[in-house]
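Engineer: Below is one structure. I have some questions about it.
Just so it is clear, none of the values below were taken in a lab; they were calculated from the coordinates. Nothing here was measured: the structure is a model prediction, and the numbers come from that model. Here Cβ is always computed from backbone atoms with ideal geometry, including for glycine, and neighbour counts include all displayed protein chains.
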Amino acid sequence: MTESEIKPSKPIIAFFQEVVRGDIRKFNLKSNDSPTGGGARDLRISPVSDYWDHLLLFFPNRISDREYTGKIRSENNVKTITLMGPTTSRRNECRICKIAQIDNWNIAQEYYESIINSGNKWIYLLILDENKNVWASKFSTDKLYQMHDAVSAKITPLLSDNRTIRGFVHFN
C-alpha cells in the first residue's frame with residue numbers, strides 16, 4: 001500500500017488548538033512584524049508541561065532530547081514535521097515546526113476573517129488513529145455540531161474562555 005492509499009482508521013487521541021491571525025500569516029510566510037527577521041513558522045504550545053508527553057504520541061521519532069518528528073497526513077500528501085521542545089529563551093513552550101507544510105491547515109485570509117467576524121473561531125486538529133497514522137484537519141466552530149461528540153464536548157465549554165483554546169480529546 002502506498003502512502004497516498006492509506007485511509008484514516010478509528011481515532012485514538014486528538015490535539016486541538018485555536019487558530020489565531022498570526023498562524024494564518026505563517027502560511028503566507030509573512031509572520032514577521034519587522035523587516036529584521038524571517039518570521040516565525042511554528043505553532044507555539046504552552047505550558048509545555050501540559051502538552052509535551054501527549055504530543056510525543058503524534059511525533060514518535062526521537063532526533064534528540066528536544067527534537068522529535070512524525071508524519072502528518074493531509075488528503076493527498078504526507079509531510080515529516082518536527083516537534084521542538086523548550087529552549088533556553090522559551091522554557092515553557094514547545095513548537096510544531098513549519099506548519100505551512102501541513103496542507104490541511106491552510107486557511108485563506110479572507111475566509112479566516114469571515115468566520116472570525118461572525119463570532120466563531122478556527123481550530124486546528126491533529127488526530128492519531130489506531131494504526132498510528134496522524135491526520136491534520138481544521139474546522140470552524142460554527143461546524144462544531146458536525147464533529148465527533150467527544151470533540152464537541154471538550155471544545156464547547158472552552159469557547160467562552162478568553163484564552164487560546166487548546167487541549168486533547170481521548171476517544172473510547
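Engineer: Evaluate the charge dipole of segment 42-82 about its Cα centre and quote only its size in Debye, nearest 20, assuming +1 on the Cβ of each Lys and Arg and -1 on the Cβ of each Asp and Glu.
Structural biologist: In debye, rounded to 20, segment 42-82 gives about 180.
Engineer: Would you be so kind as to identify which of GLY70, HIS148, GLY167 lies farthest towards the positive end of the dipole of segment 49-172, taking Lys and Arg as +1 and Asp and Glu as -1 on Cβ and the Cα centre as origin?
Structural biologist: GLY70
Engineer: Which trypsin sites (Lys or Arg not before Pro) from segment 72-104 combine a DSSP loop assignment with at most 13 other Cβ atoms within 10 Å?
Structural biologist: Here the sparse-neighbourhood loop sites are ARG91.
Engineer: Between LEU56 and ASN117, with labels modelled 7 Å along Cα→Cβ, what's the label distance in nm to one decimal, could you check?
Structural biologist: Spacing of the two 7 Å Cα→Cβ label points: 4.5 nm.
Engineer: Follow-up. Would you mind working out the magnitude of the charge dipole of the chain relative to its Cα centre, with +1 at each Lys and Arg C-beta and -1 at each Asp and Glu C-beta, to the nearest 20 Debye?
Structural biologist: 340 debye
Engineer: Right, here's the next one. Hey, if you put +1 on the Cβ of every Lys and Arg and -1 on every Asp and Glu Cβ in the chain, which of GLY85, PRO157, PRO11 ends up farthest toward the positive end of that dipole?
Structural biologist: GLY85
Engineer: For the chain, what does the relative contact order come out to in percent, with C-alpha contacts under 8 Å and a separation of six or more?
Structural biologist: Relative contact order of the chain: 30 percent.
Engineer: Name the residue from TRP52, PHE139, ASN104 whose Cα lies farthest towards the positive end of the charge dipole of segment 3-170, charges +1 on Cβ of Lys and Arg and -1 on Cβ of Asp and Glu.
Structural biologist: Ranked along the dipole, the leading option is TRP52.
Engineer: Taking a cut-off of 14 Å between Cα atoms, list the aspartates and glutamates near LYS71, but don't count ones fewer than 8 places away on the same chain.
Structural biologist: Answer for LYS71, where 14 Å is the Cα cut-off: GLU3, ASP103, ASP129, listed by chain and number.
Engineer: Report the extension gain between HIS148 and SER89 in nm, rounded to one decimal, defined as 0.36 nm multiplied by the number of residues separating them, less their alpha carbon distance. Could you put the intermediate results ahead of the total?
Structural biologist: Working: separation 59, 0.36 × 59 = 21.24 nm, distance 3.79 nm.
In short, 17.5 nm is gained.
Engineer: Measure off 7 Å from each Cα along the Cα-to-Cβ vector at SER160 and LYS79, then give the distance between these two points in nanometres to one decimal.
Structural biologist: So the two model labels end up 3.7 nm from each other.
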